[in-house]
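Heads up, the thing below is written out as structure tokens.
The values are calculated or read from the model by the stated rules, or taken from the named source; none is laboratory data. These numbers come from a predicted model, not from an experiment. Here the Cβ positions follow ideal geometry from the backbone for every residue, glycine too, while neighbour counts run over all protein chains shown. Heads up: the accessible areas ignore ligands, DNA and RNA and are worked out on the full protein's heavy atoms, side chains in. Shrake-Rupley method; radii C 1.70, N 1.55, O 1.52, S 1.80 Å.
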Amino acid sequence: MKKALKITLFVLLGLAVVWTFVYLWKKSRPEIEVFELEKVDTLTITRKTVATGKVNPRDEISIVPQLSGIVSELLKDAGDKVQKNEVIARIKVIPDVSSLNSAESQVENATLTLELATKDFERVKKLHDEGVVTLEEYQRSENSYLNAQKNLNSAKNNLDIVKNGVTEKYASYSNTNIKSTVTGTILSVPIKVGNSVIQANTFNAGTTIATIADMSDMLFVGNIDETEVGSLNAGMELNVTIGAIKDRVFNARLEYISPQSKEENGAILFEIKAAVEIPNDVFVRAGYSANAEIILEKAENVMTIPESAVVFDNGEPYVQVYEGMTGKHQKFTKKNVTLGLSDGINVQVISGLDGSEQLKGAQIKKEANIEDKQ
């Protein structure tokens, strides 16, 4: 029993020694380096940037009353479409007590003046008919009578304006009817019935009754980094994607690049604006967040190689061209190249290659024969 146990231990010890020698022998063998082979291709290279921003109407018009008062009626709400000169709201004028008292006094004075002028005219007319007074005196009396009538009408109109903000004669021109100055869509109506509003004047912008915009004329307004703004020019095409509208890309054309920068979170940015083409079947709301993809440079159907195949020596780019096998090892030859436009994945080759080469790519470490890899 003891003899069998000893034999078993010697066998196990021998196997362990053999395994150790085999392991150390394998570890001591030089590792064969295998590299993937990259091909030269013909592609279109574009250098792009993305600007973040919003889509807003080109013009937002604020409707402000031409007199102060109380909102008595609202005829439109946010989201409604309006035509130019269409009534949005009506205002009830709250008269100033001093102005009202003055206007009433003018009416009373004008009434008394008309009464006196009427009596005088009737008297002179009777005498003129009898041939007692001259035509000149009759005409003077008639003129005074007519002027007194006009003054009374004017005083009454002035009283109506002070009390109601409008006269019956000029009801169509009333400032109490707040009308849209443009055709478009109402974006907001910040007032309610019963709110007090004030007119626009030298010292105050006035109370906004509604904000109106043409929703068919939209602008992308965004920001771009200072490192890329130098590549932009008015008229460049943009592809705008709106977060709230899935699977749609809108064409846009760059119109404006701000001449002055602004700083946000330590970055220097420049504002840009682009006119967005909105199809009739799409409704875009003001303020949607959007991204604009801008093609800064483009090279079509040019010779390209993967950027991973390019090596730099003191700033000079070169590639390693595959020449074949030397035993179990791949053979590469260094070749200088002149590079052009890059998109971060592929880079344009201006000169140095003819397009038939295979290039040294990523490294793969392998101990076995690599001929099955080729």
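Would you tally the residues in segment 248-278 being assigned to a loop (DSSP other than H, G, I, E, B), open to solvent by 50 Å² or more (accessible area, probe 1.4 Å) and closer than 27 Å to GLY184 by Cα?
Within segment 248-278, residues that are assigned to a loop (DSSP other than H, G, I, E, B), open to solvent by 50 Å² or more (accessible area, probe 1.4 Å) and closer than 27 Å to GLY184 by Cα number 2.
For VAL87, indicate whether it is surrounded by 12 or more Cβ atoms within 10 Å (Cβ to Cβ) and either more than 30 Å from GLY340 (Cβ to Cβ) or among the acidic types (Asp, Glu) (or both).
Yes, satisfied.
Among the residues of segment 115-134, how many are at pLDDT below 80, of a type in the set (A, V, I, L, M) and either loosely packed, with under 13 Cβ neighbours inside 10 Å or in a helix (DSSP H, G or I) (or both)?
Residues flagged as at pLDDT below 80, of a type in the set (A, V, I, L, M) and either loosely packed, with under 13 Cβ neighbours inside 10 Å or in a helix (DSSP H, G or I) (or both) within segment 115-134 amount to 3.
One residue is enough: does segment 359-374 have a residue meeting the conditions closer than 21 Å to GLU307 by Cα, modelled with pLDDT of 85 or more and more than 55 Å from the chain's Cα centre (by Cα)?
no
LEU359 versus (1) over 30 Å from GLU60 (Cβ atoms); (2) surrounded by fewer than 17 Cβ atoms within 10 Å (Cβ to Cβ): which is the lone unmet condition?
Every listed condition holds for LEU359 apart from (2).
Within segment 44-84, count every residue that is within 30 Å of LEU353 (Cβ to Cβ) and open to solvent by 60 Å² or more (accessible area, probe 1.4 Å).
3
Which members of segment 302-315 meet the condition of being assigned to a strand (DSSP E or B) and not polar (S, T, N, Q)?
Residues satisfying the conditions are VAL302, MET303, ILE305, PRO306, VAL311, PHE312, ASP313.
With respect to the numbered conditions (1) outside any loop (DSSP other than H, G, I, E, B); (2) surrounded by 15 or more Cβ atoms within 10 Å (Cβ to Cβ), which one is the sole condition not fulfilled by GLN199?
(1)
VAL107 is checked against (1) assigned to a loop (DSSP other than H, G, I, E, B); (2) among the hydrophobic types (A, V, I, L, M, F, W, C); (3) modelled with pLDDT under 85 and fails just one. What number does that condition carry?
For VAL107, the failing item is (1).
Given the condition closer than 30 Å to GLY194 by Cα and within 13 Å of the chain's Cα centre (by Cα), answer yes or no: does some residue in segment 209-219 qualify?
Yes, some residue in segment 209-219 is closer than 30 Å to GLY194 by Cα and within 13 Å of the chain's Cα centre (by Cα).
Among the residues of segment 323-356, what is the count of those that are over 46 Å from the mean Cα position of the chain (by Cα), open to solvent by less than 80 Å² (accessible area, probe 1.4 Å) and at pLDDT below 85?
Here the count works out to 3.
Suppose we keep only residues that are in contact with a strand residue (DSSP E or B) (Cβ under 7 Å, 6 or more places away or on another chain) and assigned to a loop (DSSP other than H, G, I, E, B) within segment 234-247. Which one would you say is surrounded by the most Cβ atoms within 10 Å (Cβ to Cβ)?
If we take residues in segment 234-247 being in contact with a strand residue (DSSP E or B) (Cβ under 7 Å, 6 or more places away or on another chain) and assigned to a loop (DSSP other than H, G, I, E, B), then MET236 is surrounded by the most Cβ atoms within 10 Å (Cβ to Cβ).
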